[in-house]
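Encoded as structure tokens, the structure appears first; notes follow it.
The values are calculated or read from the model by the stated rules, or taken from the named source; none is laboratory data. Bear in mind that the values here come from a model prediction, so they are computed numbers and not experimental data. Cβ atoms come from the backbone with ideal geometry, glycine included; neighbour counts cover every protein chain shown. Keep in mind that these areas ignore ligands, DNA and RNA; they rest on the heavy atoms of the full protein, side chains included. Shrake-Rupley method; radii C 1.70, N 1.55, O 1.52, S 1.80 Å.
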Amino acid sequence: MMRGPARAVHAACAADKRCSSLAGALDALGEIKALDPVAGPVGRAVRGLPLGPVRDVLRGRWLGHPLHPVLVQMPIGSWTSAAVLDAVPGAQRGANLLVAVGTVAAVPAVFAGWVDWADQYPHQQRTGLVHAVSNALAVGLYAGSWTARARGRQCLGRALGFAGLTAASVGGLIGGHLAYRQSAGPNKAEPVPHLLKPGWYALGRPEEYPEGQGVREVLGDEVPVLVVREAGGEVRVLAERCSHLSGPLSQGEIAEGCVTCPWHGSVFRLSDGWNVRGPATAPQPSFETRLREDGVLEVRLPEAG
Ligand code: FES
């Protein structure tokens with residue numbers, strides 16, 4: 001028979017197993033290959049939309065991180081507040097207004113989400129599709145709630161609102177899993193400064209690098225960099241893994257002072273790593289260079305360590 005601390009540990013283990021089951025169920029969404037026949041054509045359709053510069057606005061390039069998580073604050077906040085007011089006698093008008101505000105505010109959030117989703121890995125897209133279905137259900141239920149309230153059917157409007165909030169909460173749970181567990185939105189180049197010790201690292205001699213072509217080198221044990229010798233002799237060095245989804249920039253096209261990622265077409269300026277075009281919302285870490293007395297090129301990342 002278990003006593004004291006042993007029983008407490010056992011209870012903690014059992015609780016942790018339950019948590020793992022939930023995470024496992026969410027992980028399993030990314031393995032539903034039956035969604036691929038939907039994801040493929042929808043992804044191509046979204047990527048083919050003639051959005052022009054609006055696409056990068058929706059991606060959040062101007063903001064420095066994805067716009068979608070910012071835009072969802074408005075519908076979630078409005079709908080949650082409406083649910084609170086629905087439970088307060090005499091607060092119907094406020095609840096009705098918040099349901100309408102949340103439903104309208106969901107529209108740009110949906111667009112931004114689809115634009116992000118279209119460039120993701122297959123397992124992320126599968127999870128993202130389930131996330132989108134939950135949220136589409138939420139928007140539909142809230143649109144019904146708004147209509148019912150406008151027709152004076154307050155009880156039905158409340159019931160649809162609570163059902164919509166449930167669907168939105170499930171969608172939010174899946175969206176959190178997609179963002180944090182499956183790493184759909186973060187800057188993939190962020191760890192680079194933390195993987196390097198401060199100081200200078202030796203590469204080759206500048207003349208060893210072919211002009212106008214990207215060359216992959218590795219600093220320390222695990223930080224790949226892109227080295228490009230430009231026509232004027234200047235050598236540019238950027239982190240090699242794309243900040244979007246870790247695409248290999250050394251296999252990208254070099255032209256007009258920029259490198260284009262071969263995976264989804266993000267464009268980075270060689271001189272400072274700035275992300276000129278998305279889907280990357282963050283720049284590439286850019287290395288300082290100097291020549292040693294023996295003609296060997298050295299690089300360092302000022303923010304390393
Ligand atoms: S990995 Fe997507 S643009 Fe580079």
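Annotations
- Some residue of the range 240-252 being in contact with a Pro (Cβ under 9 Å, 6 or more places away or on another chain), open to solvent by less than 20 Å² (accessible area, probe 1.4 Å), part of a strand (DSSP E or B) and within 10 Å of the ligand (Cβ to nearest atom): yes
- For the range 74-92, a residue qualifies if it is among the aliphatic types (A, V, I, L, M) and in a helix (DSSP H, G or I), and the qualifying residues are M74, I76, A82, A83, V84, L85.
- Candidates G247, G257, G278 - the one that is touching a helix residue (DSSP H, G or I) at 6+ places or on another chain (Cβ under 8 Å) and under 28 Å from L67 (Cα atoms): G278
- Inclusion of G171 among residues that are surrounded by 18 or more Cβ atoms within 10 Å (Cβ to Cβ), small (G, A, S) and over 30 Å from R292 (Cβ atoms) is warranted.
- Residue list for the range 261-305, restricted to those being within 15 Å of the ligand (Cβ to nearest atom), open to solvent by 40 Å² or more (accessible area, probe 1.4 Å) and in a strand (DSSP E or B): R269, V276, R277
- Unique residue being more than 30 Å from V57 (Cβ to Cβ), modelled with pLDDT of 95 or more, more than 12 Å from the ligand (Cβ to nearest atom) and buried (at least 23 other Cβ atoms within 10 Å of the Cβ) when the list is V215, V225: V225
- Any hit, the range 187-202, residues being within 30 Å of V139 (Cβ to Cβ), within 19 Å of the chain's Cα centre (by Cα) and open to solvent by 20 Å² or more (accessible area, probe 1.4 Å): yes
- Annotation note: Cβ proximity below 7 Å between a residue of the range 34-52 that is under 17 Å from G128 (Cβ atoms) and a residue that is part of a loop (DSSP other than H, G, I, E, B) (sequence gap 6+ or interchain) occurs for G43/A118; V46/A118; R47/A118.
- Pairs are defined by a Cβ separation below 7 Å, a sequence spacing of at least 6 or placement on different chains, a first member in the range 243-257 that is at positive phi and without any contact (Cβ under 8 Å) to a residue 40 or more places away in the chain, and a second member that is away from the ligand (no atom under 12 Å from the Cβ) and part of a loop (DSSP other than H, G, I, E, B); the pairs so defined are G257/L270; G257/S271.
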